[in-house]
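**Student:** This is the structure I want to talk about, given as structure tokens.
The values are calculated or read from the model by the stated rules, or taken from the named source; none is laboratory data. Please read all numbers here as calculations on a predicted model, not as lab measurements. Note that we place each Cβ from the backbone using ideal geometry, even for glycine, and neighbour counts take in every protein chain shown.
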Amino acid sequence: MKVAIDGLSVAYRTKDHALLALDQVCLNLVPGRITALVGESGSGKTTLGKSLMGLLPDYAEVKGSVRLDGQEIVGASEKSLNEIRWTRIAMLFQNGAANLNPVHRIIDQVAEPLIQHSGAKKGEAELKARENLERMGIPASQAVRFPHELSGGEIQRVLLAMALIMDPEILILDEPTAGLDAMTKSFVSRIILGARDQGKAVLLITHDLDLARNMADDLAMLYLGQVMETLPARDLLMNPLHPYTLALGRSYPSLESHRDLGGIRGDAFYRVVHRHEEKNGGLRPHSHIVGAGASHTNGHSPPKGCLFQPRCTQAVPECTEKAVALMEAGTHRVRCLRGGIATQLELKRVSKRYGNIAALGPTSLSLRAGEIFCLVGETGSGKTTLAMIAAGVLQPDQGRRMFEGRDMDQWIKEEYRSLARKIGVVYQNPAEAVSHRFSVFDIVVEPLKIQEQLRDKEEIRKRVLRVLSDVHLSTELDFLGRYAHELNMGALQRLCIARALVSQPSLVVADEPTSSLDPSVQAKVLKMMLDLQIEKGLTMLFITHDLGVARKISDRIGVMLAGRLVEVGPTVQIMGRAAHPYTKLLIASAGGEVSADSAGPGGPSTKGCPFAVRCDRVQEECKEVFPEQVRLKEGRHLAWCHFPVT
Amino acid sequence: MKGNLKSMRRGHYTVAYLLAALVMIYVSYSVPRWLPGDFVTAMYSSSHVTLNAEQEAGLRAYYTQRQGFGQYLVDFFTLRWGYSYAFLTPISKLIGEALPWSLLLLGTAHLLSMVFGFLAGVEAAWRRGGVIEKAGVGSMTVIEGIPEIGTAVILLLLFALHLGWLPAAGGETAYVTHSAGQRIMDIGRHLVLPLATLFLAYLPGNFLLTRGSMVMVLKEQFIETARAKGLPPLRIRYAHAARNALLPMVTRFGLRIAFMLTGALVVETIYAYPGLGTLLFNAIAMRDLPLIQGIVLFSSLLVLFVNLALDFLYGWIDPRVKYAS
Amino acid sequence: MHLDLRRELEKDPWFVTSAGLALILAALVLAGPWLATHDPHDMSFRPLTPPSSEHWLGINDGGMDIFSELLYGIRNTVLFGLLTGVTALVIGVAIGLVCAWFSGWIDHSLMRLADILLAIPAVMILILVAAFFRPPPLTLGLILAALSWPTTAKAIRAQALVVKKGLHVQAAQQMGASGAYIIWRHLMPELFPLYLIGFTTKARMAMFMEASLSFLGLFDPTRKSLGMMISYALKYYYLDIWWNWLIPPILCLTLLIMTVTFLAISLEKVFDPRLKEAW
């Protein structure tokens, strides 16, 4: 049995407001597949579940259509709904024990649907109920008890037994594993998978990303009542297309992800539709997104346009004006004007030589908006060169560069400053990166002065003070007048970061920004950079020799050796299943700097793989030919090796 | 282990009630001893009853005897409750005659008001927001505000005096011989007005309470689950919701007994219905202290017993109570 | 939040009606002695006279002016109710707070005492005491209060326990606040709705008791009371004077009880969040 949800909109009406729970949702449930509906509170996911069974309260206004094999649910009579409820479609609600009548016995409640729907005699029904319960691990002695006598895990099993008693074709589960012990969790998961294998269509409603990723076949990401993306479950961490999906993946403490928790800037709790009186006496409906600190005047969502825009890291002005529909993108469907996460920077086969030395072999790289990319390698690996080319500081000998879709070389020629504004650079040695004749204020204000971004003195001053407080530096007058040598390294580096951020760039390139700092200071600065990245939605290109640092802050890692990229991929993949022998060596050396016994005499001008000299899997081929790019199973993981480790 | 908890809790409450009973009996026992000196004369001098010297001496002896509490208890349980000087009958006999009438009146009134109040409350809550519900709640609240005295007098004036449809007083027509069937009809006719009064007095409370707790129960999660199971509305309403709404009503009944007793007392008196109430009223009018004592003690213990029974009933209805710590 | 509730209260029809009635009754009570046309104890008039311009409600069987009797009767009933209500409330609050605050054996024993008292029907004790000792109304009121505190105490205790666990109380404790401070500044304000509800319910029961007990003849016969008037008037119900002697006290008593009942119901409705219905 197929479930087709088309254009479903649900609003809960209060006196003069309406709470918009769902907005034009389109989704399909297919037999033999588990679809996970992922969303945070206020996303409307429980409302969606309930609307499939026609369980919405009277004050809910429902538009659109929900069809179970052609039978329309929306607006159907209670009588016709009662016929299919539980028999063809059943739901496991949240809140465990609250779903059971405290004064009826367990066995009675499980047997009840059988008696009511199929007219079975009490004896037969109880027998069948007892069987079901036993299958769920509830012995007959427990079955005759009352709900308050059972533990949380047992209750969940009972609810499952009850839901499955009529063998429905469609199963809806609302947070089925929340608050359960590990054993019950795995039991419940097995049952759900079993149900799927029996050919049921399963809708799994949850905010638990791990659960969704592990159990479901498809995911639908719900935000404030709209589906932002639908994708195959395995793509959740590896290849999210929508900024919200990416951000959510980052926010979830999972055993698999390495990067520190992010979060999404801003807040959004739910959507409200008001009716406002206009001057001529008519009523005008308009909607808000209600969040913390949002008042009636500033909490307005754009009248049209993208719902996620206020919190998005890559919003463009268009996003507030044009409405966005869900569009196909390969195996995904995405609701984004920019077609999903946009590419911030793209480098195509850039290379650079210094005289005889090939500092950088032909290398391609693309950075997605809002991600943190770490370039890891030893000294001389070419990472700084690559980063500076990316920043627009160095010109490559060959290759093309695109920044936000525009050719960089063109751009630089025409109006460099407007590009410079969008890129902030933080250097390795803060003490040298600033002039000792400049005061703190001067240092920070310099980019603004150079780029002539702002005219008004007051505006400039405000901007400087704000960015100083962003990096947790004082904004007191006498601090502003201090000189560089009066500050310690940690403060200096923070100052440099402030300088890089003052022009509100979209890309920040940081070259080993914490290497020259003490470990404790390093930690603080890194943490601060991470927070800033989330707050401001920056894309970061981070250079480091320290895999440990890379692991902690990046979404993707690129490993460089002797001027070439040897492996690129999501941090999770690289750290867990590195394919290139060199990467494995780096990881094995556990964070300590790998000795810079060089990559062989002659460096990158040698043909063949630069790691051939040190590799333990080396073959004849490796010394002759530079390896082709190998695309590994999980999509965005690439390695350059003849014999990658699988 | 759980079984022990159950009996422990039972024991707990039963102890409270036994203590209360003992206290009552003791108070009844010792009250006369608190009375000032020659109250007997002072009391009876202003009453309608004239005692001859023998009766007066007997009364005084009764009140000054230094009887032990133990003996008093024994006397109590063997129904030796003393002698009424106003009626010249043993007290136990008087109470024995009046009790069935009171039970008939109160029992029927409570039963009817609970059944109707409950059903009406359940149905009203189910139809929340409709005109019927609002009208029901409104009218019930108004009736709740009218004290039994008021209702009794109004009904008396209207139906007995003005329209003459029903008798104004008594439990049955005196000095007439009836067949069994005729007697029942006669008692019935006399029962109507006091019954109606008490019914109207008890109905609103039951209705409003049931409705209130139904409204709350209907909001519970398990009701939604029941709906999701595709169960017929009638079953959801009664087997699931009303069953849970029953609980507060049982609790409340116990708490309201004091209130209800007073009302019943007054109503019986107004209709001169030959139950314990009228008996008490007459005893007070005639200053028959032993009789007053006897009735008070007896009815208090009866109430205690009812409360105890209610407690057990509640435990039986609500499975959670047994194991609550 | 308090303002919200007050506004809701003002919108509730039951509250508005009862508040209005309460004001009128209060005026009657306060102004009673001055409004009375005659001394209610004055027995010099011709008994069983129908109403006239001098005696608005006529004269009863003892030769007393009914209208004046009525005013004094209302006054006595209301005062009795208020006195008992306040006393029961004070005792109930005090015991409830003590139980919630101290817990342990104090809580335990007081609650057992409450259980015992709840089991004893107060009206019976009152009748016993009134019949045997003929105490003044004040004493009876106090006895009634002493018997009816358990329900209030339990409610106060339950709510106080909840507030006691609240974070703002813990914060104050961390700051070093004394028990008295916390009870005064944190607990008592939170219990405010319960005071109103408790007082109204107790006052209602007390007035009802007063009317019933005086009806049964347990008060001093010279004390004017609505119940007593009804009792006497009832004897003559078949005569034509029922409408000016029997009905007025019934009406007044009904209005009185109704006022307090509506007040109690509307207060419960507004202040008990569980009873509030959505939309």
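**Student:** Take the residues in segment B:239-264 that are within 7 Å of chain A (Cβ to nearest Cβ) and without any contact (Cβ under 8 Å) to a residue 24 or more places away in the chain, then tell me which one is surrounded by the most Cβ atoms within 10 Å (Cβ to Cβ).
**Tutor:** Among them, the one singled out is B:His240.
**Student:** Continuing with this model, one more query. In segment C:77-84, is there at least one residue being within 12 Å of another protein chain (Cβ to nearest Cβ), modelled with pLDDT of 85 or more and over 30 Å from C:Ile241 (Cα atoms)?
**Tutor:** At the first step, the residues of segment C:77-84 found to be within 12 Å of another protein chain (Cβ to nearest Cβ) are C:77.
Pick out the ones that are also modelled with pLDDT of 85 or more and you get C:77.
This time we only want the ones that are over 30 Å from C:Ile241 (Cα atoms), so: none.
Within segment C:77-84 (the criterion being within 12 Å of another protein chain (Cβ to nearest Cβ), modelled with pLDDT of 85 or more and over 30 Å from C:Ile241 (Cα atoms)), the answer is no, since none of the residues qualifies.
**Student:** Taking segment C:51-77 only, how many residues are out of contact with any strand residue (DSSP E or B) (no Cβ under 7 Å at 6 or more places or on another chain) and under 16 Å from C:Pro249 (Cα atoms)? I'd like the intermediate steps shown before the answer.
**Tutor:** We begin by selecting, within segment C:51-77, every residue out of contact with any strand residue (DSSP E or B) (no Cβ under 7 Å at 6 or more places or on another chain); these are C:51-54, C:56-58, C:60-64, C:67-77.
Filter again for under 16 Å from C:Pro249 (Cα atoms), leaving C:51, C:56-58, C:60-61, C:64, C:67-77.
So the count comes out to 18.
**Student:** Output the residues belonging to segment C:93-147 that are more than 14 Å from chain B (Cβ to nearest Cβ), small (Gly, Ala, Ser) and surrounded by 23 or more Cβ atoms within 10 Å (Cβ to Cβ).
**Tutor:** C:Gly96, C:Gly141
**Student:** Being surrounded by fewer than 23 Cβ atoms within 10 Å (Cβ to Cβ) and either of a type in the set (A, V, I, L, M, F, W, C) or in contact with an Asp or Glu (Cβ under 8 Å, 6 or more places away or on another chain) (or both) is true for just one of A:Leu360, A:Leu394, A:Leu375. Which residue is that?
**Tutor:** Going through A:Leu360, A:Leu394, A:Leu375 in turn, just one is surrounded by fewer than 23 Cβ atoms within 10 Å (Cβ to Cβ) and either of a type in the set (A, V, I, L, M, F, W, C) or in contact with an Asp or Glu (Cβ under 8 Å, 6 or more places away or on another chain) (or both): A:Leu394.
**Student:** Would you point out the residue of segment C:208-225, among those that are assigned to a helix (DSSP H, G or I) and within 9 Å of another protein chain (Cβ to nearest Cβ), that is surrounded by the most Cβ atoms within 10 Å (Cβ to Cβ)?
**Tutor:** Within segment C:208-225, the first condition is being assigned to a helix (DSSP H, G or I), and the residues that meet it are C:208-215.
Now drop any that are not within 9 Å of another protein chain (Cβ to nearest Cβ), which leaves C:208-209, C:211-213, C:215.
On the way: C:Phe208: 26, C:Met209: 26, C:Ala211: 31, C:Ser212: 24, C:Leu213: 26, C:Phe215: 26.
Per the stated criteria, the residue is C:Ala211.
**Student:** Of everything in segment A:24-48, what is of a type outside the set (A, V, I, L, M) and either more than 26 Å from the chain's Cα centre (by Cα) or surrounded by 22 or more Cβ atoms within 10 Å (Cβ to Cβ) (or both)? Give them in sequence order.
**Tutor:** A:Pro31, A:Gly32, A:Thr35, A:Gly39, A:Ser43, A:Gly44, A:Lys45, A:Thr47 - these are the residues of segment A:24-48 that are of a type outside the set (A, V, I, L, M) and either more than 26 Å from the chain's Cα centre (by Cα) or surrounded by 22 or more Cβ atoms within 10 Å (Cβ to Cβ) (or both).
**Student:** While we're looking at this one, here's another question. When you scan segment B:103-119, how many residues do you find that are buried (at least 20 other Cβ atoms within 10 Å of the Cβ) and over 18 Å from the mean Cα position of the chain (by Cα)?
**Tutor:** Result for segment B:103-119: 1.
**Student:** Would you say A:Arg145 is within 22 Å of A:Ile107 (Cβ to Cβ), part of a loop (DSSP other than H, G, I, E, B) and not acidic (Asp, Glu)?
**Tutor:** yes
**Student:** Please count how many residues of segment C:29-52 are buried (at least 16 other Cβ atoms within 10 Å of the Cβ) and under 21 Å from the mean Cα position of the chain (by Cα).
**Tutor:** Going through segment C:29-52 one residue at a time, the tally reaches 2.
**Student:** If you go through segment C:243-256 one residue at a time, do you hit one that is farther than 26 Å from B:Leu163 by Cα, in a helix (DSSP H, G or I) and within 11 Å of another protein chain (Cβ to nearest Cβ)?
**Tutor:** Among the residues of segment C:243-256, at least one is farther than 26 Å from B:Leu163 by Cα, in a helix (DSSP H, G or I) and within 11 Å of another protein chain (Cβ to nearest Cβ), which makes the answer yes.
**Student:** Moving on to the next point. Is it the case that segment B:111-124 has a residue that's at the interface with chain C (Cβ under 10 Å from one of its Cβ atoms) and either under 20 Å from B:Ser299 (Cβ atoms) or without any contact (Cβ under 8 Å) to a residue 12 or more places away in the chain (or both)?
**Tutor:** No; the residues of segment B:111-124 include none that is at the interface with chain C (Cβ under 10 Å from one of its Cβ atoms) and either under 20 Å from B:Ser299 (Cβ atoms) or without any contact (Cβ under 8 Å) to a residue 12 or more places away in the chain (or both).
**Student:** Here is a follow-up. Can you work out which of the residues in segment A:93-112 that are outside any loop (DSSP other than H, G, I, E, B) and within 7 Å of chain B (Cβ to nearest Cβ) is nearest to A:Arg130 (Cα to Cα)?
**Tutor:** Checking each candidate, the answer is A:Glu112.
**Student:** Sticking with this structure for a sec: Name the single residue that is farthest from the other protein chains (Cβ to nearest Cβ) among those in segment B:265-288 being of a type in the set (D, E, K, R) and in contact with a helix residue (DSSP H, G or I) (Cβ under 6 Å, 6 or more places away or on another chain).
**Tutor:** That would be B:Glu268.
**Student:** If you scan segment B:273-291, which residues turn out to be under 20 Å from B:Met260 (Cβ atoms) and either assigned to a loop (DSSP other than H, G, I, E, B) or not hydroxyl-bearing (Ser, Thr, Tyr) (or both)? Can you show your working first?
**Tutor:** Filtering segment B:273-291 down to residues under 20 Å from B:Met260 (Cβ atoms) leaves B:273-281, B:284.
Answer for segment B:273-291, where residues must be under 20 Å from B:Met260 (Cβ atoms) and either assigned to a loop (DSSP other than H, G, I, E, B) or not hydroxyl-bearing (Ser, Thr, Tyr) (or both): B:Tyr273, B:Pro274, B:Gly275, B:Leu276, B:Gly277, B:Leu279, B:Leu280, B:Phe281, B:Ile284.
**Student:** With the condition kept exactly as written, say whether any residue in segment A:74-88 is crowded, with 24+ Cβ neighbours inside 10 Å and over 32 Å from the mean Cα position of the chain (by Cα).
**Tutor:** Yes, the conditions are met somewhere in segment A:74-88.
**Student:** From the list A:Asn82, A:Asn132, which residue is more than 9 Å from chain B (Cβ to nearest Cβ), in a helix (DSSP H, G or I), modelled with pLDDT of 90 or more and closer than 24 Å to A:Pro31 by Cβ?
**Tutor:** On inspection, the qualifying residue turns out to be A:Asn132.
**Student:** Next question, about the same structure. What are the residues in segment A:189-243 that are within 24 Å of A:Gly569 (Cα to Cα), in a strand (DSSP E or B), in contact with a helix residue (DSSP H, G or I) (Cβ under 6 Å, 6 or more places away or on another chain) and not aliphatic (A, V, I, L, M), if any?
**Tutor:** A:Glu229
**Student:** Go through the residues of segment B:200-219 one by one and say whether even a single one is more than 28 Å from C:Ser266 (Cα to Cα), buried (at least 19 other Cβ atoms within 10 Å of the Cβ) and not hydrophobic (A, V, I, L, M, F, W, C).
**Tutor:** no
**Student:** Mind telling me which of the residues A:Arg338, A:Arg401, A:Arg368, A:Arg333 ends up being touching a residue at least 60 places away in the same chain (Cβ under 8 Å), among the basic types (Lys, Arg), surrounded by 18 or more Cβ atoms within 10 Å (Cβ to Cβ) and more than 28 Å from A:Val471 (Cβ to Cβ)?
**Tutor:** Residue meeting the stated conditions: A:Arg333.
**Student:** To continue, here is another question. Name every residue in segment A:340-381 that is of a type in the set (Gly, Ala, Ser), touching a helix residue (DSSP H, G or I) at 6+ places or on another chain (Cβ under 8 Å) and over 30 Å from A:Gln309 (Cβ atoms), in order of residue number.
**Tutor:** Residues satisfying the conditions are A:Ala358, A:Ala359, A:Gly361, A:Gly377, A:Gly380.
**Student:** Any residue at all in segment C:167-189 that's away from chain B (no Cβ under 11 Å) and at positive phi?
**Tutor:** There is at least one residue in segment C:167-189 that is away from chain B (no Cβ under 11 Å) and at positive phi.
**Student:** If B:Ile236 satisfies every condition in (1) within 14 Å of chain A (Cβ to nearest Cβ); (2) within 29 Å of B:Ile187 (Cα to Cα) but one, which is the exception?
**Tutor:** For B:Ile236, the failing item is (2).
**Student:** So how many residues does segment B:214-232 have that are touching a residue at least 24 places away in the same chain (Cβ under 8 Å) and within 13 Å of chain A (Cβ to nearest Cβ)?
**Tutor:** Adding up the residues that qualify gives 3.
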